[in-house]
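The values are calculated or read from the model by the stated rules, or taken from the named source; none is laboratory data. These numbers come from a predicted model, not from an experiment. Here the Cβ positions follow ideal geometry from the backbone for every residue, glycine too, while neighbour counts run over all protein chains shown. Ligands, DNA and RNA are stripped out before the accessible areas are found, and what is left, the full protein with its side chains, is counted by its heavy atoms. Shrake-Rupley method; radii C 1.70, N 1.55, O 1.52, S 1.80 Å.
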Amino acid sequence: MTDLLTNCKRTQYSKEITPDLNGKEITIMGWIHEMRDLGGIIFVLLRDRDGLIQITAPSKKISPELFADIRKLKKESVLAVKGMVQESPKAPGGVEIIPLEFKLLNESKLPLPLDTTEKVRAEIDTRLDSRFLDLRKHSVSAIFKIKSRMLHSVRVFLEKNGFIEINTPKLVASATEGGTELFPITYFEREAFLGQSPQLYKQMMMASGFDQVYEIAPIFRAEEHDTMRHLNEAISIDLEASFCDHEDVMEILENLVSTAISDVSEHCKDELKTLNVDLKIPKTPFERIDYDDVVDMVNSQGVLLTHGEDLSRAAEKAMGQLMEGYYFITGWPTDIKPFYVMPNKDDPKKSCAFDLMYKDLEISSGAMRVHQHDLLVERMKKKGLNPDSFNRYLAAFEYGMPPHAGWGLGAERFTMCLTGVKNIRETVLFPRDRRRLTP
Ligand code: AMO
């Protein structure tokens, strides 16, 4: 082991170094963001997770050896700097550090595959190829701090409301959301699939009497299309609740969304500022628009939507033109929703399914579920599915399945709403799409 960190511990992050520490000795650690050598004075901008701090090395104030060593430093190398805080209105944050000594913890190779100072823009593919470097940019890491806070507040909200976190298998035997989006894998002697939704398991947990459950986990979808809204691996925030109908879980969803937004706007001020986002906390209840009215609204925009069809991208965009913030689409035709969705009892052609939209983006879908065994079998057959391949799931409906409802909320799509980014890949550390399996 090296003794690089012996007697060398970080005392502060950059953003904790404020003018009131004037004259104090501190130790900071980070990467060299930029170097400016003006001959008699060298400025080193050091970057850590939360910000930048200026190290000012004037030849007249520090030893010639230290000055010469600083001059040799290279961009993006990792440093520990011990120095004296000095108030300086001209420096970023109103302070600078006069170095007393430093340790070069690791040197960076040059040239860099991309510019971490964001002066030179790089294409998304170049950025994703060198994602570890791309993530050093504060405008990129801000997205993940917001995503992290959102997931934290979702957990806190659900725990406060009596939900139990569950973990369900991701290696599964059958489809839930329609067969074409499955990734087949070899499971010993058999074929299996990567789970596209915890749907069947979260429903079975209702038969187990867990009452209210949630799961935050990956879903895998073999989406053929290369779009700004689709990933092949995404994180789904899934919820299921017993003795509830679709109206009940829509209320939970809108409260969760507005609580998370309010929490992010309170705790991620710096990140939102970095991203230039003015986050508005939406008022609840969100507007509910019936599918029949959506058809009329879309058609009124000159985009053709035939009754009974799912929304095309053009139809979503037409809705986005008309709707500002968050809204639900309810009363979906039963025929275009999965087998587990409960038909409306007064008008079975319509269902108890809903989507939550933000402008033109679907961020969640859910429904009251069919809890009656025979109706479920009938629905499967109608969808061309073989009930025999679902026998373990169906058994859960024969021995006391309570009425229940739930939804799935895409963590990345919700993060797009919070951060204003247009490409969903921006919200994933290492995205998986049709063309990308590394890094
Ligand atoms: P659905 O298939 O609509 O419903 O998925 C729910 C939400 O998950 C997100 N999502 C995706 N995000 C990025 N890339 C993808 N390929 C992708 N696929 C889905 C979206 C979407 O709204 N079992 C039902 C949920 C339920 O009824 O409880 C389901 O999976 O934000």
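Over the alpha-carbon set of region 384-439, work out the extent along each principal axis and list the three values in angstrom, largest first.
46, 26, 21
May I ask for the net charge around Leu279, where only other residues with Cβ less than 12 Å from the Cβ of Leu279 are counted and Lys, Arg are +1 while Asp, Glu are -1?
On the way: positive: Arg149, Lys269, Lys273, Lys280; negative: Asp263, Glu266, Glu271, Asp278.
Overall, the nearby charge balance is 0.
Once the cut-off is 15 Å, how many percent of the Cα-Cα pairs in region 14-106 end up in the long-distance tail?
Numbers: 2284 of 4278 pairs.
The answer is 53 percent, as a whole percent.
Give me the percent of accessible area attributable to carbon and sulfur for region 154-305, probe 1.4 angstrom.
51
Peptides 330-337, 401-408: what's the order by average Cβ count within 10 Å, highest mean first?
Top of the packing list down: 401-408, 330-337.
Using a/c under 1.5 as the rounded threshold, could you call region 126-259 rounded, prolate or oblate? The axes a ≥ b ≥ c are square roots of the C-alpha gyration tensor eigenvalues, and prolate needs a/b larger than b/c, oblate otherwise.
Numbers: a/c = 2.13, a/b = 1.11, b/c = 1.92.
Because a/c hits 1.5 or more and a/b fails to exceed b/c, region 126-259 counts as oblate.
In square nanometres and to one decimal, what's the mean projected area of the convex hull around the Cα atoms of region 53-130?
Reported value for the Cα convex hull: 6.5 nm².
Could you tell me whether region 318-382 comes out rounded, prolate or oblate from its Cα gyration tensor? Rule is a ≥ b ≥ c as square roots of the eigenvalues, rounded for a/c under 1.5, then prolate if a/b exceeds b/c, otherwise oblate.
Prolate shape, in that a/c is at least 1.5 and a/b is the bigger ratio.
Can you send over the carbon and sulfur percentage of the accessible area for region 14-106, probe radius 1.4 Å, protein chains only?
54
With a/c under 1.5 counting as rounded, go ahead and sort region 190-301 into rounded, prolate or oblate using the C-alpha gyration tensor (a ≥ b ≥ c being the square roots of the eigenvalues; past the cut-off, prolate if a/b is larger than b/c, else oblate).
Rounded, since a/c falls under 1.5.
List the chymotrypsin sites (Phe, Trp or Tyr not before Pro) within region 1-66 that DSSP assigns to loop and that have no more than 15 neighbouring Cβ atoms inside 10 Å.
Tyr13
Using 19 Å as the Cα-Cα cut-off, could you pick out the over-long pairs in Lys119/Lys269; Lys317/Lys422; Lys273/Lys422; Lys119/Lys280; Lys15/Lys61; Lys349/Lys381? Write down the numbers at each step before the final one.
Numbers: Lys119/Lys269 23 Å; Lys317/Lys422 14 Å; Lys273/Lys422 17 Å; Lys119/Lys280 30 Å; Lys15/Lys61 25 Å; Lys349/Lys381 16 Å.
Over 19 Å apart, Cα to Cα: Lys119/Lys269; Lys119/Lys280; Lys15/Lys61.
Grab the other residues whose beta carbon is less than 10 angstrom from that of Lys137, score K and R as +1, D and E as -1, and report the net.
With Lys, Arg at +1 and Asp, Glu at -1, the net is 0.
Report, in whole Å, the centroid distance computed from the Cα atoms of region 37-98 and region 398-421.
Centre-to-centre distance over Cα atoms comes out at 48 Å.
Which whole-number percentage describes the relative contact order of the chain, with Cα contacts under 8 Å and a sequence gap of 6 or more?
13
Please list the three semi-axes, largest first and in whole Å, of the ellipsoid equivalent to the chain, using sqrt of 5 times the eigenvalues of its alpha carbon gyration tensor.
On the way: eigenvalues 533, 104, 84 Å².
In descending order the semi-axes read 52, 23, 20 Å.
Which trypsin sites (Lys or Arg not before Pro) in region 272-331 sit in a loop by DSSP (not H, G, I, E or B) and have at most 16 other Cβ atoms within 10 Å of their own Cβ?
Sparse-neighbourhood loop trypsin sites (Lys or Arg not before Pro): Lys280, Lys283.
Please compute the per residue accessible area over region 1-103 with all protein chains in place, 1.4 Å probe, rounded to a whole number of Å².
54
Select from Ser77, Phe144, Leu437 the residue farthest towards the positive end of the dipole of the chain; place +1 on Cβ of Lys and Arg, -1 on Cβ of Asp and Glu, and compute about the Cα centre.
Going by the charge dipole, the pick is Ser77.
Please compute the net charge surrounding Met205, taking Lys and Arg as +1 and Asp and Glu as -1 over other residues with Cβ under 14 Å from its Cβ.
-2
When only Cα pairs under 8 Å and 6 or more residues apart are kept, what is the percent relative contact order across region 14-106?
Values: 207 pairs, mean separation 31.3, N = 93.
With pairs under 8 Å counted, the relative contact order is 34 percent.
With +1 on each Lys and Arg Cβ and -1 on each Asp and Glu Cβ, how big is the dipole of the chain about its Cα centre, in debye rounded to the nearest 20?
On the way: 58 positive and 67 negative charges, 386 e Å.
Its charge dipole is roughly 1860 debye.
Select from region 46-116 those trypsin sites (Lys or Arg not before Pro) which occupy a DSSP coil region and have at most 15 other Cβ atoms within 10 Å, ordered by residue number. Don't jump to the answer; show the numbers that get you there.
Details: sites: Arg47, Arg49, Lys60, Lys61, Arg71, Lys72, Lys74, Lys75, Lys82, Lys90, Lys103, Lys109; in loops: Arg49, Lys60, Lys61, Lys72, Lys74, Lys75, Lys90, Lys109.
Answer in residue order: Arg49, Lys60, Lys61, Lys72, Lys74, Lys90, Lys109.
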